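Have a look at the structure below, then the notes.
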Amino acid sequence: MLLKSRRSILKRSGRAAMLAELPMILWAVLMVIAFPLIDLATVFLRISFLYAGIHYASISAARANSFSIPVDGKPSAKAETASKINQVKNSFSGLAVDNINTAILITKNDTLAITSQSVPLTTPADQSVNSYQIEVSADCSAEPLIPIPIPFKVDGLNAPIKLHLSAKQYCENPQGLTI
């Protein structure tokens, strides 16, 4: 009889130890694995939204009829860029966009040398010599969903990730780049 009661005490103490350690194990799993993964997934999703916005802004800017001044009531490439990026930024939380830049990339067809300028062309576009692209770039940042309280800074876990995103599209109306 004494042996039987001793075995039941050993079984109970094993269960009790597991119950006593369970909160610490759950805390460690949540704080070390689950919350950081949620934060990184959130940051990745927000960066994806930002890149989609920059890409969409470059497409809209490449379709514009002018580079810096609105023509016939249609917005310029620079205005389209700012409008589309701000539309994406205001649609989602945790996003920040600074230093939006719209530039003309001129590629010489024979040497493939690329030059960039942020002002309209001084001479009309010559597509037999050059190809023209619109490049949209911006400094962006995406914040984590739940900042992890740790004593040091880790981008994506307790601080925003900062990136420089850009996208290029061939200009559909190169003659409008002089305006």
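Tell me the chymotrypsin sites (Phe, Trp or Tyr not before Pro) within segment 86-160 that lie in a loop according to DSSP and have at most 16 other beta-carbon atoms within 10 Å. Hits after loop and neighbour filter: Phe92, Phe152. Going by alpha carbons, how many degrees (0 to 90, nearest 10) lie between the helix axis of 2-29 and the longest principal axis of the chain? So the inclination is approximately 20 degrees. Taken one residue at a time, the phi angles of segment 43-60 give Karplus couplings (6.51, -1.76, 1.60, θ = phi - 60°) of 5, 4, 5, 5, 5, 4, 5, 4, 5, 4, x, 5, 5, 5, 5, 5, 5, 5 Hz. Gly and Pro are set to x. Compared with the dominant principal axis of the Cα atoms in the chain, helix 77-91 is inclined by about 20°.
We did not get these values from a lab; they are worked out from the coordinates using the rules stated. Keep in mind it's a predicted model, so treat the numbers as computed, not measured. As a convention, Cβ positions derive from the backbone with ideal geometry for all residues, glycine included, and neighbour counts pool all protein chains shown.
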